[in-house]
1. For q values of 0.19 Å⁻¹, compute log₁₀ I(q)/I(0) with the Debye formula on a Cα-only model of the protein assembly as shown, without solvent.
2. Which whole-Hz ³J(HN,Hα) couplings does the stretch A:29-35 yield from phi under the Karplus relation 6.51 cos²θ - 1.76 cosθ + 1.60, θ = phi - 60°, glycine and proline marked x?
3. Count the lysine pairs in the stretch B:26-98 that are 8 or more places apart or on different chains: how many have C-alpha atoms under 26 angstrom apart?
4. Between residue A:92 and residues 5 or more places away or on another chain, which pairs have amide H atoms under 5 Å apart, with H built 1.01 Å from N, and which residues are they?
5. Please report, largest first and rounded to whole Å, the three semi-axes of the ellipsoid equivalent to chain B, where each semi-axis is the square root of five times an eigenvalue of the C-alpha gyration tensor.
6. Tell me the mean residue ellipticity at 222 nm calculated for chain A from its helices only (DSSP H runs of n ≥ 4, each -39500 (n - 2.57), averaged over every residue, nearest 500).
7. How large, in Å, is the stretch A:21-104 by the Kirkwood hydrodynamic radius built from its alpha-carbon pairs?
8. Rounding to the nearest 20 debye, state how big the charge dipole of the protein assembly as shown is about its Cα centre with +1 on each Lys and Arg Cβ and -1 on each Asp and Glu Cβ.
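What follows draws every value from the coordinates through simple rules; no lab data is involved. Keep in mind that what you see is a predicted model, and the values were worked out from it rather than measured. Positions of Cβ are generated from backbone atoms using ideal geometry, with glycine treated the same way; all protein chains shown enter the neighbour counts.
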Amino acid sequence: MNPQFVTDYPAVEAKFHLGERVRVRQAAPLGHIRTPFYIRGHVGEIERLCGSFPNPEELAQMRDGLPAQPLYRVRFRQKDVWPDYRGSDKDVLEIEIFQHWLERA
Amino acid sequence: MIERSHHDMGGRPAGKVKPTEHDYAEWERRVDAMAVLLGKRATVDERRKNIEALPPDAYDRMAYYEKWIISLTQTLIQRGVITTEELGRKMEEVKARKR
């Protein structure tokens, strides 16, 4: 899968492929976390590889965030995320999530 | 353990969003300019970390650029660009100008 943006940081290898089902890790560390609480534990599928970027959790602590982490756009079904969702079954929610927050579902 | 930080409120009941338009005040423009000029001396992630560390009541009460100036200041202290003593003295000096 080609990344949407090519960067030249030393990076962790991208391990998920297009359409692969992934679960967001259930974790509650301290600090600056860009994975929203409400999506943790949910399963979605890889919509694209955005590129590899320095880890913002590390950047927030004044470190260089390297090696860069692959960032994916992950697609979730709204009905899966919100138990009382009243919209169409086809509605989706897309969130950009770094690889270290994802595992194979 | 902190299960969920206060700022991470997506999906919590909150009522309707009421959008309002307003012109930026001069100090707000200055805060924005300062953030740009500081560049990598205060990364966006450090600034976000410091905004997210605000106590919940302050987080809810403060305006957007108030959060920015607090987080910029925290970042500069954490990095040793300014000291708390310098900041405290300067703030007293500025206050005294008004009198």
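1. Those come out to -1.43, one per q.
2. 3J(HN,Hα) across the stretch A:29-35, in whole Hz: x, 8, x, 8, 10, 9, 8.
3. 9
4. A:78
5. In descending order the semi-axes read 26, 19, 14 Å.
6. -1000 deg cm²/dmol
7. Averaging 1/r across every pair of different Cα atoms and inverting gives 13.6 Å.
8. Magnitude of the dipole: close to 280 debye.
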